[in-house]
Structures are given as structure tokens and as C-alpha cells.
Amino acid sequence: MLKILIPIDGSAHAQRAVNQVLDLAASGAVLEIFLLNVQIPIASGHARMFVSKDDVDAYHREEGLAALADARARFEGAGLPCSHHIAVGRVAETIVRFARERGVDKIVMGTHGRGGLAEVLMGSVAREVLRDSPVPVLLVK
């Protein structure tokens, strides 16, 4: 069984990564599929003065579930079980750590996410994952 991690941010590129894994499964590969959404932590100390940890956790959970919804529905519709996970942290670092902890065999992810201009200015999550991953990474354009 091949363990596949698909980082999901709700972008069109992430959905194309889902397509790649669906195609792989349709070819007869036996897969264990992990969907991961990484939420960026709320770093402002001012925000934390007015919003409880429970409210922040609920916000991350709601946003993560919303980002994962389409991918989950597509795998369920294809009759393919998958597990879904929501984490909070630096995106690339969290993806790589998850891959190590779960012993995945491959990461399949989009080349670009929702970052837009910020991604260009701060560096590509895909590039960081590719550089730091302990397993092969398939980047989907």
C-alpha cells in the first residue's frame, strides 16, 4: 500500500493534485490517502487579548474543514477512503513533519497555492517542501 499525502489549501492547484491521486487510484494502485490542511497561526498578541484560544481553535478548524471539503467529497464520491487532518504552523515545515510522522511514501501537491504575491515575496511552499521532504514530491501544475 502506497501512503500519499496531499496538502490541501482549497486552490485550483491543490484540486489538480487530487486529480492526480484519483487517476493513480483508478489505475489500480492501492493507496492510503492523507489530506492535510495547514492553517497559519494567529501571531498577533493583540488579537489573542480579545479572542479566546477556543475561538481561535474553532476558527482554524472551520477554515480547515472548508478547505478540505471538496477534496474529501471527491474521494468519497470515488469510493476511496481518506483521512483528513488540520494542523496549525508554518506551512512547508508542517507538511514535511506530517510526512515524516505518518511515514508517507509520496507527497502530491500543487505548485502554487493561495499565496499569490505573498508567495512570490516570501518563497514558495512547494519549493520548501521539495527541498526538505524525506520522500519524493510530485508537483502538479
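The values are calculated or read from the model by the stated rules, or taken from the named source; none is laboratory data. These figures come from a predicted structure and were not determined experimentally. Cβ coordinates were reconstructed from backbone atoms using ideal geometry, including for glycine residues, and neighbour counts include every protein chain displayed.
All of Gly116, Gly110 fail the test of being modelled with pLDDT under 95 and either surrounded by fewer than 17 Cβ atoms within 10 Å (Cβ to Cβ) or of a type in the set (Lys, Arg) (or both), apart from Gly116. Among the residues of the range 11-41, the ones that are of a type outside the set (A, V, I, L, M) and under 17 Å from Gly89 (Cα atoms) come to 3 in all. Where helices (runs of 4 or more DSSP H) fall entirely within the range 1-91, those with at least 1 residues that are closer than 26 Å to Ser133 by Cα, of a type in the set (A, V, I, L, M, F, W, C) and out of contact with any strand residue (DSSP E or B) (no Cβ under 9 Å at 6 or more places or on another chain) are at 12-26, 53-77.
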